[in-house]
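Let me begin by presenting the structure, written as structure tokens, before commenting on it.
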Amino acid sequence: MRKLKLDELGRISVKEFKKVAKTPIIVVLDNIRSLHNVGSIFRTSDAFRIRSVFLCGITATPPHKEIHKTALGAEESVEWHYFNKTTDAVEMLKKEGFFLIGIEQTDESISLPAFEPDMTKKYAVFFGNEVKGVDQRVIDECDMCLEIPQFGTKHSFNVSVSAGIVLWELAGKRLFSD
């Protein structure tokens, strides 16, 4: 077994990335404090060819060296938009026909593995603040909430880890369904 060299991975350029079809998912970051989490989510979004990342409220925006540290340039390939209020992003997404999914533990949330995405729908997934989670006003506007099953003593994952798990499930089912 031999590790592949970077030039053997067949990666596309940023210019090519911008031209290829995207997974019809928008990632919405609701008041994320950590710039490293933001950068990590950009990098994951690049890996799954996510359509766009919406940065809302106190969530920092590129260019920023702390975002770049974990994004490793993905903040240049993935389209992003900033909204002063997450509810403004919600309003726009509803008008554009997106199905809104909060990633949150609620009294009606569905376990992530049980969810089967409808391949005809466009999804917007909302990830919340590291301490407070997704704002209740946003949850009130979501079509549903998904919850990642957990079996230890803690009741939450780091937001960038949650994004990786959820995007693997949602985008992975789309990308590998052929």
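Table for the structure above
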quantity: Matching entry among LEU93, LEU170, LEU146 (being outside any loop (DSSP other than H, G, I, E, B), open to solvent by less than 50 Å² (accessible area, probe 1.4 Å) and either polar (S, T, N, Q) or touching a Pro at 6+ places or on another chain (Cβ under 8 Å) (or both)); calculated: LEU170
quantity: Looking only at the range 30-61, and only at residues there that are open to solvent by less than 10 Å² (accessible area, probe 1.4 Å) and more than 10 Å from the chain's Cα centre (by Cα), the one that is nearest to GLY164 (Cα to Cα); calculated: GLY39
quantity: Residue within the range 23-44 that is farther than 28 Å from MET144 by Cα, at pLDDT 95 or above, charged (D, E, K, R) and assigned to a helix (DSSP H, G or I) present; calculated: no
quantity: From VAL20, VAL27, VAL14, residue being surrounded by fewer than 18 Cβ atoms within 10 Å (Cβ to Cβ), β-branched (Val, Ile, Thr) and touching a residue at least 60 places away in the same chain (Cβ under 8 Å); calculated: VAL14
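Each row is one residue, and each column tells you yes or no for (1) in a strand (DSSP E or B); (2) open to solvent by less than 80 Å² (accessible area, probe 1.4 Å); (3) not aromatic (Phe, Trp, Tyr).
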| site | (1), (2), (3) |
| --- | --- |
| PRO117 | no, yes, yes |
| PHE126 | yes, yes, no |
| VAL131 | no, no, yes |
| ARG137 | no, no, yes |
| ASP140 | no, no, yes |
| PHE151 | no, no, no |
| SER156 | no, yes, yes |
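The values are calculated or read from the model by the stated rules, or taken from the named source; none is laboratory data. Predicted model only: the values in this text are computed from it and were never measured. Cβ coordinates were reconstructed from backbone atoms using ideal geometry, including for glycine residues, and neighbour counts include every protein chain displayed. The accessibility values were calculated without ligands, DNA or RNA, using every heavy atom of the protein model including side chains. Shrake-Rupley method; radii C 1.70, N 1.55, O 1.52, S 1.80 Å.
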